[in-house]
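Notes follow once the structure below has been shown.
Quick note: the coordinates plus some simple rules give every number you see, no bench work behind them. Remember, it's a predicted structure, so these values are computed and weren't measured experimentally. Neighbour counts are summed over all protein chains in view; Cβ atoms, including those assigned to glycine, are modelled from backbone coordinates with ideal geometry.
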Amino acid sequence: MTELGVDEAVYFADAVHPEYQTKPAFGWVKTGSNPGVPTTAGRGRVNIHGALNLETFDAPFVEPTTVDGISAAQLLAKIEARNPDKRIIHVIWDNAAYHKGPDVRAFLARPDCRIHLMHLPPYCPHLNPIERLWAVMHQHVTHNRYYPTQKRFANAILKFFRETIPNEWKAFRDQVSDNFRVITHEKIRVLG
């Protein structure tokens with residue numbers, strides 16, 4: 001895609017599964033001290049199937065019990081509903097089987113479907129800006145944080161998607177971009 005019409009939108013989509021456990025990530029510790037970090041015994045997780053529009057920072061998501069074709073179709077329906085003025089909505093995501101399965105195919109087969117899917121190459125999560133949004137979510141919610149219950153953990157994750165993204169996205173939008181530089185083998189010098 002080189003130019004989008006005013007009646008088009010682009011969303012990057014994928015799933016994330018934050019696990020209910022303490023994730024020490026960084027911090028200053030006094031030399032010689034032996035800091036303790038509270039931890040959890042549970043291994044529960046929150047499933048999020050989400051999307052991101054880099055132009056508007058609209059970030060629709062669904063919170064399924066299982067990430068599958070049904071949740072993928074639910075996400076596509078939510079994206080479509082949030083963009084009533086768009087003729088075409090490009091959704092770029094990976095090649096997970098559920099992104100190509102019967103539920104998604106049935107959704108796309110509707111006569112009035114405005115979603116146009118584009119699949120990223122295999123093993124290229126770095127090409128999907130939503131992966132960087134997941135990293136920001138971990139910085140804000142899971143790194144160096146202890147939640148005494150699974151429910152508080154899940155609420156913190158959902159608060160990030162429901163409140164932090166809509167209200168604070170300008171603070172971290174530069175961390176979640178699609179600015180890439182294409183480098184070909186002709187432009188690389190090997191120093192030896």
Normalise the Cα radius of gyration of the stretch 45-106 by 2.2 N^0.38 Å (N = residues in it) and let me know the number. 1.10
According to a simple spin-label model (label point 7 Å from Cα along Cα-to-Cβ), what is the distance in nm between Lys100 and Lys78? 2.5 nm
Which ordering of Tyr11, Tyr147 is given by a fewest-first count of other beta-carbon atoms within 10 Å? Tyr147, Tyr11
If you look for lysine pairs in the chain that are eight or more places apart or on different chains, how many of them have Cα atoms under 21 Å apart? 7
Take the Cβ-Cβ distance between Leu4 and Arg152 as r, set R0 to 35 Å, and report the resulting FRET efficiency rounded to the nearest 0.05. 0.30
What's the local net charge at Leu120, with K and R +1, D and E -1, over the other residues with C-beta under 15 Å away? -2
Indicate, rounded to the nearest 5 percent, the antiparallel portion of the DSSP beta bridges found entirely in the stretch 12-120. 55 percent
Separation of alpha-carbon centers, the stretch 1-56 and the stretch 100-153, rounded to whole Å: 10 Å
Using helices alone, I'd like the mean residue ellipticity at 222 nm for the chain: each DSSP H run of four-plus residues gives -39500 (n - 2.57), total over residue count, nearest 500. -7000 deg cm²/dmol
Dipole of the stretch 40-160, Cα-centred, from +1 at each Lys and Arg C-beta and -1 at each Asp and Glu C-beta, to the nearest 20 debye? 340 debye
Neighbour-count ranking for Tyr123, Tyr146, Tyr20 (other C-beta within 10 angstrom, fewest to most) reads Tyr123, Tyr146, Tyr20
Roughly how compact is the chain, stated as its Cα Rg over 2.2 N^0.38 Å to two decimals? 1.18
To the nearest 0.05, how large is the calculated FRET efficiency for Lys30 and Leu127 if R₀ is 41 Å and r is the Cβ-Cβ distance? 0.50
Using a simple charge model, +1 on the beta-carbon of Lys and Arg, -1 on the beta-carbon of Asp and Glu, nothing else, what dipole does the stretch 1-97 show about its Cα centre, in debye to the nearest 20? 640 debye
Arrange Met118, Met137 by Cβ neighbour counts within 10 Å, fewest through most, would you? Met118, Met137
Ranking request for peptides 100-107, 54-61: highest mean number of other beta-carbon atoms within 10 Å first, then the rest in descending order. 54-61, 100-107
Difference of contour (0.36 nm per residue) and Cα-Cα distance, Thr65 to Cys113: 14.7 nm
